[in-house]
1. What net charge do the residues around residue 26 carry, taking every other residue with its C-beta under 11 Å from that of residue 26, with Lys and Arg at +1 and Asp and Glu at -1?
2. For residue 70 and residue 18, what does the FRET efficiency come to when R0 = 25 Å and r is the distance between their Cβ atoms, rounded to the nearest 0.05?
3. Residues of the range 1-71: accessible area per residue at 1.4 Å, in Å²?
4. Under 5 Å between amide hydrogens, which residues at least 5 positions from residue 31 or on another chain qualify, with H placed 1.01 Å from N in the peptide plane?
Amino acid sequence: MLVLVCYDVSTVTVSGRQRLRKVAKACEAYGLRVQNSVFECHLDSARLRVLKNKLESIIDVTNDSLRFYNLGEKYEHKVTHIGTKSIPDLTDVLIL
């Protein structure tokens, strides 16, 4: 399923900037950055739970926020992209 992960981490303190880097790094391990604080992740329910737990352990719930949008398996018609930085199809074959 396609899950959109969005976060807002307060960066007014050094610890906030560290949390921001940790959240971004954790998200990079599960998906592709599509905006500064937005990732598209193709996950099954078990990997989604792991990612949620990992991110919840990083953020400060009094200053930061996380949002998860589950777009499901049939997401192709739910996502419209306009402008630069088009995103490759992560479900297709990737040749390096």
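1. Around residue 26, the surrounding residues sum to +4.
2. 0.30
3. Heavy-atom SASA per residue in the range 1-71 reads 59 Å².
4. Close amide H contacts, sequence-distant or interchain: none at all.
The values are calculated or read from the model by the stated rules, or taken from the named source; none is laboratory data. Computed from a predicted model, the values in this text were never measured in an experiment. So basically every Cβ, Gly included, is an ideal-geometry build from the backbone, and we count neighbours across all protein chains shown. Just so you know, the surface numbers come from the protein's heavy atoms only, side chains and all, with ligands and any DNA or RNA stripped out. Shrake-Rupley method; radii C 1.70, N 1.55, O 1.52, S 1.80 Å.
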